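The values are calculated or read from the model by the stated rules, or taken from the named source; none is laboratory data. Since this is a predicted model, take the numbers as computed values, not measurements. So basically every Cβ, Gly included, is an ideal-geometry build from the backbone, and we count neighbours across all protein chains shown. We work out accessible area using only protein heavy atoms, side chains counted, and drop any ligands, DNA or RNA first. Shrake-Rupley method; radii C 1.70, N 1.55, O 1.52, S 1.80 Å.
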Amino acid sequence: MLKIGIIGLGDIANKAYLPVLSSIENIEIHLYTRNQIKLKNIQEKYRFNKSHESLSSLITSGITGAFVHSATESHEEIIEKLLENNIHVYVDKPITYDLESTEKLLRLAEKNKLILTAGFNRRFAPSYQNLKELSNPNMIIMQKNRQNLPEDNRKFIYDDFIHVVDTLLYMFPYPIEDIVINGRKQNQLLYHVVIQLISKYGTAIGIMNRDSGTNEEKLEIMNSEEKRVVTNVADLIIRKDRNETRIGYSDWEQTLYKRGFEQAVADFIHAIEYNHAPSITKEELVKTHELCEMIVNKIAEI
């Protein structure tokens, strides 16, 4: 039986990962958090009976892989210790808050022949995969907006806008010839950011406004014959000329499937079990973190 550790039992673990992992057969879940009240509640809810009071105890339990859901500031130390102890790692995005430490950890994983991947669930969402199937796109536009939530430059980009960055890189099929970056700052807080990825064949535009009147996400992709639009990672509309088709999902399909979490978790577990690379490559992870670092540095100059 595969032993899997879960480090950090906060909001994202509770909403997205614990429900998925609790439904997978033939894995043994080991929990680690310093919050004993939260630990007790989760054990009761999911009937997980393996828990640890320290990272060292978790490591010596014999886990093969671990999901890291702790605060981003702790990622580097935790991931490094896991990799040094021959444990595969799936971590919430970002891997770390800076490119240098992210590349260092990816090199360590490669050296030790281990998996280090990040939680870019949108790559696995069925609706987004439908958009990626559209050939020869000439324009891609993604917006991910939040209501009255300006943030520190680096945290804004790496904790949130990174999803826009990674999705655009995943969707854009052309060599990038130029990158344009802009944003609005006030009192050392970043309010919005816009990037353009430019090729002679098309343009990809990413937008995040954290001073918006609503929380929303929209991805649009167009070619000369049609336009496809997904809102909130679920609802798909295809428009050709004046015709509009809405692609729905069965009521039986769970939200975590629609948003790609089930598939992302399954991809990691399957890669461990069968000793092969996960779907997201090291090169793709580096490109996403490289572009985030570029945006952070550019916005710092504004």
Out of (1) farther than 25 Å from Gly260 by Cα; (2) open to solvent by 40 Å² or more (accessible area, probe 1.4 Å), the one Met139 does not meet is (1)
So, of the residues in the range 187-224 that are in a loop (DSSP other than H, G, I, E, B) and free of Cβ contacts under 8 Å to residues at least 40 places away in the same chain, which turns out to be farthest from Met171 (Cα to Cα)? Asn187
Could you tell me which of the residues Phe67, Phe48 is among the aromatic types (Phe, Trp, Tyr), open to solvent by less than 20 Å² (accessible area, probe 1.4 Å), in contact with a helix residue (DSSP H, G or I) (Cβ under 9 Å, 6 or more places away or on another chain) and not in a helix (DSSP H, G or I)? Phe67
Are any of the residues in the range 225-240 among the acidic types (Asp, Glu), part of a helix (DSSP H, G or I) and under 20 Å from Ile141 (Cβ atoms)? no
Taking the range 78-101, which residues are touching a Leu at 6+ places or on another chain (Cβ under 9 Å) and not in a strand (DSSP E or B)? Ile78, Ile79, Glu80, Lys81, Leu82, Leu83, Glu84, Asn86, Ile87, Ile95, Thr96
Do we have any residue at all in the range 146-153 that's part of a helix (DSSP H, G or I), surrounded by 18 or more Cβ atoms within 10 Å (Cβ to Cβ) and either in contact (Cβ under 8 Å) with a residue 12 or more places away in the chain or over 19 Å from the mean Cα position of the chain (by Cα) (or both)? yes
Look at Leu256 and say whether it is surrounded by 14 or more Cβ atoms within 10 Å (Cβ to Cβ) and over 30 Å from Ile27 (Cβ atoms). no
What are the pairs with Cβ atoms under 7 angstrom where one residue, in the range 42-64, is small (Gly, Ala, Ser) and the other, located anywhere, is assigned to a helix (DSSP H, G or I) and open to solvent by 40 Å² or more (accessible area, probe 1.4 Å)? Sequence gap at least six, or different chains. Ser51/Gln43
Where residues in the range 204-253 are under 30 Å from Arg184 (Cβ atoms) and of a type in the set (Ser, Thr, Tyr), which of them is least open to solvent (accessible area, probe 1.4 Å)? Ser212
Hey, any hits in the range 269-276 for a residue that's surrounded by 15 or more Cβ atoms within 10 Å (Cβ to Cβ), among the β-branched types (Val, Ile, Thr), assigned to a helix (DSSP H, G or I) and in contact with a Ser or Thr (Cβ under 7 Å, 6 or more places away or on another chain)? yes
Every listed condition ((1) more than 14 Å from the chain's Cα centre (by Cα); (2) surrounded by 19 or more Cβ atoms within 10 Å (Cβ to Cβ)) holds for Cys292 save (1)
When you scan the range 110-128, how many residues do you find that are without any contact (Cβ under 8 Å) to a residue 40 or more places away in the chain and either more than 23 Å from Lys3 (Cβ to Cβ) or assigned to a helix (DSSP H, G or I) (or both)? 1
Test Tyr257 against the stated conditions and say whether it is under 22 Å from the mean Cα position of the chain (by Cα), of a type in the set (Phe, Trp, Tyr) and farther than 30 Å from Ser101 by Cβ. yes
